[in-house]
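S.K.: Quick one: the structure is below, and I'll ask about it shortly.
What follows draws every value from the coordinates through simple rules; no lab data is involved. Keep in mind that what you see is a predicted model, and the values were worked out from it rather than measured. Counting neighbours? That spans all protein chains shown, and the Cβs are built from the backbone with ideal geometry, glycine included.
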Amino acid sequence: MKSIFRLLFAIILLFSTFAGFAQKFENADMALNKYRRLLNLISMYYIDTVNQQQIVEKAIVSTLKTLDPHSYYISKEEYKAMSEPLEGNFDGIGIEFNILEDTLIVVSPLSGGPSEKVGLMSGDRIITVDGKSITNINLTIEKVHSLLRGPKGSKIAVSIKRGSSVMDYEIVRDKIPINSVDAAYEIKPGLAYLKLSRFAKSSMHEIEDAFAKFGNPQSLILDLRNNGGGFMNIANALADQFFDKGKLLVYTEGRFFPTQKELSTDAGLFKKGNLVVLIDEASASASEIVSGAIQDLDRGIIIGRRSFGKGLVQTEFPMGDGSAVRLTIARYHTPSGRAIQSPYEKGKAEQYYKNLSARVSAEAFSADSIVFPDSLKYSTLVNKRVVYGGGGIMPDIYIPLDTSKYSTYRGELNRKNVIFQFISTYIDKNRKSLHEKYKTFDAFNKSFIVNDNLFDEMVAFGEKNGVPKDEKGIQISGDFIKQYMKALIARNLFDDSSYFKIINQGDRVYEKAIEVMNNWNKYSKELKID
């Protein structure tokens, strides 16, 4: 009898679901017929000839803006270009970007790329290119690419708005690689460091190659700072490396899409070692899936600053003419149930980004500004530690932004591309002698010093290129500028990992990670990490 009642209940539920869908389709048909009638009236009676395709595309764009910050339309011309940062090489300035309210916003500069070298930051708004305003010109992805891309070695002048300040930069275009592992090296025997800049198609192959070089490390520092995300399946594949089979890594929930759970398999590369993950305000989406799973399952320690908070799932729907719509269909949830997405009001994407910018500015220097209500309290699944929702992943150990490295003078050197150009010239003149003197990176790192003479030459080069010498700025950030110069030389002589081996020295987040690794029993006990 119970089974009959269950069957009847299932049938009733199925019919009610179909009825709900039928009602929604009927409502959509009524709205579509209304819009179709409008187009027919315009075509038949409007005073001037109009481009109906253009009208429809503008209507689609306007409609998607009323939904959420991450649903958007991709024209036929833009479609191929959208995937290039994750799939192909090109010459350009090296940024991931969004177009919001006809304004070009830097989502993140690509690690090691030309824009990062001169100092562009997440949230910058590019307002002019080569002296011409690019605001309110009906920007498209295709237009952005035509403005920013060009032959390797060519220069581009951009003005950006950062807060209330407007700053000018000169950027030298370069080849933008698809490699996603920026650095992979052993800090000391048994302790490996891996920096991932994006979750690209090649990421897992690159990571597997890195682990093959590591051998069998006992401890791993995974650096996801400034990693804006990428492919979700790659995020799942990376998270899978750290767990035994059958662990819930992430799940998605949507109004019309069933809950989808991603579980770990038995194919992990690093299931048992000590694990630290580094995040910051530019760690988004796929980075948050990985760090959220590691935190919720008490697998490792998260260090840095609260992540971006991009937890909406988009699916791409073709529109039949080569264009497509990426429509938000679900939300990401960490294993404990936390929603990764930061709060937003429908139809207020501009306000959403402003709120995020304000949050990042407030949180960068002090954890005291971060207040979580009890309603956002969750528990980790193994040791029942308290963690919080509300957007982004809050680290277990918070490290504020290090302001001691920043000065107006350093910013001007970066904006005018002085340091990078000076080092490029220096390497061209001295490459042979440097290679002869320093056969290995270790020899270079141990013996090479950016002495006062070399530093003064760079300062003089800056003066010739519009950056006056600033004694106060040199006092504040001179040591870091020398470190940056040495790191750039190392990258030119050796490889990207060599750059990070030097630039990470003195980095507060990186140094804290090493301290945690050297005192793992103490920190894992205090934080209740298995």
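S.K.: Quick check: the angle from helix 349-363's long axis to the longest principal axis of the chain, C-alpha only, nearest 10 degrees?
M.R.: Relative to the chain, helix 349-363 is tipped by roughly 40 degrees.
S.K.: Hey, another quick one. If you average the sequence gap of Cα pairs under 8 Å that are 6 or more apart and divide by the length of the stretch 423-530, what percent do you get for the contact order?
M.R.: 24
S.K.: Here's something else I'd like to know. Taking 8 Å as the Cα distance limit and 6 or more residues as the minimum spacing, I'd like the relative contact order of the chain as a percentage.
M.R.: Computed value for the chain: 13 percent relative contact order.
S.K.: While we're on this one: If you wrap a convex hull around the alpha carbons of the stretch 308-425, what volume per residue comes out, as a whole number of Å³?
M.R.: 225
S.K.: With the dipole of the stretch 163-314 worked out from charges on the C-beta (+1 for Lys and Arg, -1 for Asp and Glu) around the Cα centre, which of 283, 241, 260 lies farthest toward the positive end?
M.R.: 260
S.K.: Ok, one more. Tell me, in nm to one decimal, what length is gained between residue 272 and residue 319 on full extension, where the rule is 0.36 nm per residue of separation less the Cα-Cα distance?
M.R.: 12.3 nm
S.K.: Listed highest first by mean packing, meaning other Cβ atoms within 10 Å per residue, what order do 294-305, 418-429, 229-240 come in?
M.R.: 294-305, 229-240, 418-429
S.K.: So how do 338, 173 line up by other beta-carbon neighbours within 10 Å, fewest first?
M.R.: 173, 338
S.K.: Cα to Cα, under 21 Å, and not fewer than 8 places away if on the same chain: which lysines meet these conditions relative to residue 175?
M.R.: Straight-distance partners of residue 175: 80, 117, 143, 152, 155, 195, 201, 416.
S.K.: For a quick check: sort 371, 459, 56 by the number of other beta carbons within 10 angstrom, fewest at the front.
M.R.: The order, fewest Cβ neighbours first, is 371, 56, 459.
S.K.: Would you kindly work out the equivalent ellipsoid of the chain from its C-alpha gyration tensor and give its semi-axes, the square roots of five times the eigenvalues, largest first in whole Å?
M.R.: So the equivalent ellipsoid measures 42, 33, 20 Å along its semi-axes.
S.K.: Here's another thing I want to ask about it. When a footprinting reagent is the concern and you count Cβ atoms within 10 Å, what order do 90, 242, 257 take, fewest first?
M.R.: Lowest count first: 257, 90, 242.
S.K.: Of the trypsin sites (Lys or Arg not before Pro) in the stretch 225-284, which ones lie in a loop per DSSP and count no more than 13 other C-beta atoms within 10 Å?
M.R.: Those that pass, being in a loop and sparsely packed, are 245, 255, 272.
S.K.: Based solely on its DSSP helices, what 222 nm [θ] is calculated for the chain when runs of n ≥ 4 H residues each add -39,500 (n - 2.57) and the sum is averaged over all residues, nearest 500 deg cm²/dmol?
M.R.: Value at 222 nm, helices only, nearest 500: -13500 deg cm²/dmol.
S.K.: Restricting to Cα pairs below 8 Å that are 6+ residues apart, what does the relative contact order work out to for the stretch 89-176? Please round to a whole percent.
M.R.: Over the stretch 89-176, the number comes to 34 percent.
S.K.: Can you say what percent of the DSSP beta bridges in the chain, counting only those with both residues inside, are antiparallel? Round to 5.
M.R.: Close to 75 percent.
S.K.: Within the set of other residues whose C-beta is less than 11 Å from the C-beta of residue 151, count the net charge using Lys and Arg as +1 and Asp and Glu as -1.
M.R.: Counting the neighbours of residue 151, the net charge comes to +3.
S.K.: Further question: Excluding residues on the same chain fewer than 8 positions from residue 432, give the lysines whose Cα lies under 23 Å from its Cα.
M.R.: 446, 482, 486, 501
S.K.: Return the ratio Rg/(2.2 N^0.38 Å) for the stretch 425-530, where Rg is computed over Cα atoms only.
M.R.: Ratio of Rg to 2.2 N^0.38 Å for the stretch 425-530: 1.39.
S.K.: Net charge near residue 141: determine it from the other residues with C-beta under 9 Å of the C-beta of residue 141, scoring Lys and Arg +1 and Asp and Glu -1.
M.R.: Taking every other residue near residue 141 into account, the sum is -2.
S.K.: Could you give the radius of gyration (one decimal) and Dmax (whole number) of the Cα atoms in the stretch 89-176, in Å?
M.R.: 11.6, 34
S.K.: Now, a different point. Excluding residue 500 itself, what net charge comes from residues whose Cβ is under 13 Å from its Cβ, given Lys and Arg +1 and Asp and Glu -1?
M.R.: -2
S.K.: Could you please state, rounded to a whole Å, how far the C-alpha centre of the stretch 368-416 is from the C-alpha centre of the stretch 194-239?
M.R.: One Cα centre to the other: 22 Å.
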